[in-house]
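Taking it in order: structure first as structure tokens, then the write-up.
Here, each number is a calculation from the coordinates, and none is a lab measurement. Please read all numbers here as calculations on a predicted model, not as lab measurements. Note: ideal-geometry Cβ built from the backbone for every residue, glycine included; neighbour counts use all protein chains shown.
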Amino acid sequence: MQIAKGSVAAIHYKVATVEGEHVDASQPGEPLLFLCGTGQIVVGLEEALLGKQAGDSVTVDVPAERAYGKRDPALDLAVPLSAFPEDVRPQLRAGMQFQAEHPTKAGEVAVFTIHGRRGDDVLVSGNHPLADKDLHFEVTVDSVRAATKDEIAHGHAHGAGGHHHH
Ligand code: ZN
């Protein structure tokens with residue numbers, strides 16, 4: 001069976017920036033499961049995997065635009081500490097995340113990560129850490145099967161390596 005929209009594929013993967021900086025990899029014996037056609041993996045990688053089957057290997061460079069997007073300078077902000085509720089101010093730490101209104105897209109919400117402090121400002125970014133990165137993927141297809149009705153209804157793959165419901 002080939003990877004196509006509506007199929008569930010298990011893949012072993014290794015991803016780095018095109019400059020060679022390690023980003024992520026699946027654990028040995030624990031392939032990642034994804035439902036094809038739902039945006040569970042970046043679009044550039046999904047396209048490269050279409051038509052592949054168990055045992056196939058794919059090496060592909062995916063430009064940022066087809067991976068995690070370009071960095072949006074409007075999402076890199078210095079927010080005055082006084083803008084945060086008083087009770088949370090002492091707890092603000094680099095790495096913490098919060099949701100807030102998108103600064104330039106009305107009605108949209110962005111997830112911001114705190115990166116540190118500069119004077120009385122808290123430096124935050126709503127950009128994905130991999131924004132602007134061209135990525136190099138090395139993938140081996142472990143297995144491919146048809147999605148179940150539940151998986152199609154939920155928009156994600158179920159099972160080991162996929163989505164778990166609690
Ligand atoms: Zn589900």
Ordering of 81-87, 111-117, 135-141, 99-105 by packing [mean C-beta count within 10 Å, highest first]: 135-141, 111-117, 99-105, 81-87
Considering only the chain, percent of DSSP beta bridges that pair antiparallel, nearest 5: 100
Label-point separation, LYS70 to GLU138 (7 Å along Cα→Cβ), nm: 3.1
In order through region 97-106: 3J(HN,Hα) via Karplus (6.51 cos²θ - 1.76 cosθ + 1.60), integer Hz, x for Gly, Pro: 10, 8, 9, 8, 4, 5, x, 10, 10, 4
Unsatisfied cross-links (Cα-Cα over 31 Å) in the set LYS14/LYS70; LYS70/LYS149; LYS52/LYS105: LYS70/LYS149; LYS52/LYS105
ARG71 long-range amide H proximity, modeled H, under 5 Å: ASP132
Whole-Hz ³J(HN,Hα) from phi, Karplus 6.51 cos²θ - 1.76 cosθ + 1.60, for region 150-159, glycine and proline x: 4, 4, 5, 5, 7, x, 7, 7, 10, x
Dipole of the chain [Lys/Arg +1, Asp/Glu -1 at C-beta], most positive-end residue of HIS165, SER125, LEU45: HIS165
The chain: calculated mean residue ellipticity at 222 nm from DSSP helix runs of at least 4, using -39500 (n - 2.57): -2000 deg cm²/dmol
Between region 116-143 and region 32-77, the Cα center-to-center distance that results, in Å: 14
Added length on full extension, which subtracts the Cα-Cα distance from 0.36 nm per residue, ILE152 to VAL111: 12.1 nm
Fully extended contour minus Cα-Cα distance, from ASP61 to ASP87, at 0.36 nm per residue: 4.8 nm
